[in-house]
Amino acid sequence: MRHENYNDGVLPMEAIAALMKSGGLKGADATRLQPASLDLTLGARAWRVRASFLPSRLRTVAARLDDGLAMQQMDLGAGAVFERGCVYLVELNERLALPEHVKGAANPKSSTGRIDVFVRLVTDYGAAFDEIPAGYDGPLYAEISPRTFSILARRGSSLNQLRLKAGSCRLDDEALEALHASAPLVDGPANISGGLGLSVSLAGDDGMIGWRARRHSALIDVDKVGALDPNEYFEPIAPPKTGFIILDPDEFYILASKEALAVPPDYAAEMTPISPGLGEFRVHYAGFFDPGFGWSEQGVNGSRGVLEVRSHDAPFVLEDGQLVARLVYEKMAARPARLYGGDLKSNYQGQGLKLSKHFR
């Protein structure tokens with residue numbers, strides 16, 4: 001089905017740019033466009049709030065703040081510190097006036113998830129985080145909660161991403177099987193059930209299989225690239241002799257998938273939240289994979305899925321090869337002119353076990 005100028009599917013960067021020109025997306029910076037997403041930016045106003053909240057279908061964000069949830073208003077013009085363990089709400093520079101057939105979704109950027117900063121999009125009258133109903137007309141906000149490291153951010157800093165969609169675009173398992181048969185999605189057999197399954201790698205040839213975050217580290221400036229010594233913020237994890245590791249409650253780990261994966265040019269993907277049936281831990285902070293990630297004309301190019309892992313209330317055993325996450329694939333409304341890892345600056349193409357761009 002075609003809606004005006006859009007086929008069903010995830011809108012490519014050219015369609016997002018057209019919305020910017022038509023007024024459907026205001027305050028956005030064209031240099032922040034990715035093949036199938038837009039990096040959102042922090043505005044000037046922020047509030048430290050008493051708790052995470054949703055406005056509900058009957059109220060605006062501003063009305064909820066006036067209820068007594070706001071503790072302190074902050075000016076981000078010169079930058080401000082977001083302390084770990086606290087919750088903040090920031091008004092974003094971007095504002096939407098979407099066509100009635102276009103909806104949206106948001107996710108933290110990869111660099112945000114890999115420093116354990118929890119970011120969720122909030123809209124007026126919103127009943128769910130990171131979801132934008134079709135035809136939404138109003139402001140956008142980001143709820144920010146650093147979990148391990150305190151961060152320094154300012155107006156114009158980018159912590160999350162927006163993806164826009166028209167109609168139905170998610171591939172079911174049958175379509176995913178057919179896609180894998182024609183354009184391999186992983187470098188081996190595909191575990192397809194409710195999406196593409198990813199397992200964790202706990203075997204390493206270079207003496208380490210992951211990183212565990214250190215507590216009480218220094219501040220991270222989210223806009224500085226390649227500035228930090230990783231050993232001051234993380235400790236390396238050696239390959240376990242037992243074939244498993246035990247996740248300590250409320251600790252943050254960076255691990256990698258056993259599979260190398262690919263997102264063909266006519267598709268986009270998203271890592272979905274962990275099912276409680278797979279274990280009491282979370283492997284999902286930053287979930288968008290743009291068209292071209294891990295893909296080449298010759299097939300899968302070796303890019304691994306980096307897993308941001310946090311156990312819940314109890315210690316949890318994680319074994320080598322254990323299923324830990326699923327990728328949902330969605331068709332694009334049109335192939336973007338530029339792919340991830342092509343002539344775009346793409347920090348994580350060909351990645352293995354890689355920390356965020358902030359680290360040397």
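The values are calculated or read from the model by the stated rules, or taken from the named source; none is laboratory data. These numbers were taken from a predicted model, which means no experiment stands behind them. All Cβ positions, even for glycine, are placed from backbone atoms using ideal geometry, and neighbour counts span all protein chains on display. Just so you know, the surface numbers come from the protein's heavy atoms only, side chains and all, with ligands and any DNA or RNA stripped out. Shrake-Rupley method; radii C 1.70, N 1.55, O 1.52, S 1.80 Å.
Checked against the criterion of being touching a residue at least 24 places away in the same chain (Cβ under 8 Å) and either open to solvent by 20 Å² or more (accessible area, probe 1.4 Å) or among the aromatic types (F, W, Y) (or both), the candidates V90, V61, V81 yield just one match: V81. Taking the range 28-64 as the range and being among the hydrophobic types (A, V, I, L, M, F, W, C), out of contact with any Gly (no Cβ under 9 Å at 6 or more places or on another chain) and closer than 25 Å to I16 by Cα as the test, the residues that pass are A28, A30, L33, A36, L38, L40.
D67 meets all of the listed conditions (1) open to solvent by 20 Å² or more (accessible area, probe 1.4 Å); (2) modelled with pLDDT of 95 or more but one, namely (2).
Flag not set for V61, criterion: aliphatic (A, V, I, L, M) and under 22 Å from the mean Cα position of the chain (by Cα). Scanning the range 197-213 for residues that are of a type in the set (D, E, K, R) and surrounded by fewer than 16 Cβ atoms within 10 Å (Cβ to Cβ) returns D205, D206. Residue-level check: of (1) touching a strand residue (DSSP E or B) at 6+ places or on another chain (Cβ under 9 Å); (2) more than 30 Å from F82 (Cβ to Cβ), L162 misses just (2). Filtering the range 30-52 to residues that are without any contact (Cβ under 8 Å) to a residue 24 or more places away in the chain and either of a type outside the set (A, V, I, L, M) or touching a Leu at 6+ places or on another chain (Cβ under 6 Å) (or both) leaves only T31. Please verify whether the range 2-10 includes one or more residues that are within 30 Å of Y267 (Cβ to Cβ), of a type outside the set (G, A, S) and buried (at least 18 other Cβ atoms within 10 Å of the Cβ). Yes, some residue in the range 2-10 is within 30 Å of Y267 (Cβ to Cβ), of a type outside the set (G, A, S) and buried (at least 18 other Cβ atoms within 10 Å of the Cβ). Residues that are closer than 30 Å to R57 by Cα and among the hydrophobic types (A, V, I, L, M, F, W, C) within the range 154-180 comprise L159, L162, L164, A166, C169, L171, listed in sequence order. Filtering R45, R32, R50 for residues that are within 19 Å of the chain's Cα centre (by Cα), modelled with pLDDT of 95 or more and open to solvent by 50 Å² or more (accessible area, probe 1.4 Å) leaves a single hit, R32. Restricting to the range 229-253, and then to whatever is in a strand (DSSP E or B) and within 18 Å of G321 (Cβ to Cβ), can you tell me which residue is nearest to the chain's Cα centre (by Cα)? Across the range 229-253, the extreme among qualifying residues is Y253. Has the range 185-196 got at least one residue that is assigned to a strand (DSSP E or B), surrounded by 15 or more Cβ atoms within 10 Å (Cβ to Cβ) and touching a Ser or Thr at 6+ places or on another chain (Cβ under 7 Å)? Looking for residues that are assigned to a strand (DSSP E or B), surrounded by 15 or more Cβ atoms within 10 Å (Cβ to Cβ) and touching a Ser or Thr at 6+ places or on another chain (Cβ under 7 Å), one finds none in the range 185-196, hence no.
Of all residues in the range 97-110, those being buried (at least 21 other Cβ atoms within 10 Å of the Cβ) and under 20 Å from the mean Cα position of the chain (by Cα) number 6. As a summary of the residue check, N93 satisfies the conditions (1) polar (S, T, N, Q); (2) more than 18 Å from the chain's Cα centre (by Cα); (3) closer than 20 Å to R170 by Cβ except for the one numbered (3). Residues that are part of a loop (DSSP other than H, G, I, E, B) and touching a residue at least 40 places away in the same chain (Cβ under 8 Å) within the range 205-217 comprise M208, I209, R215, S217, listed in sequence order.
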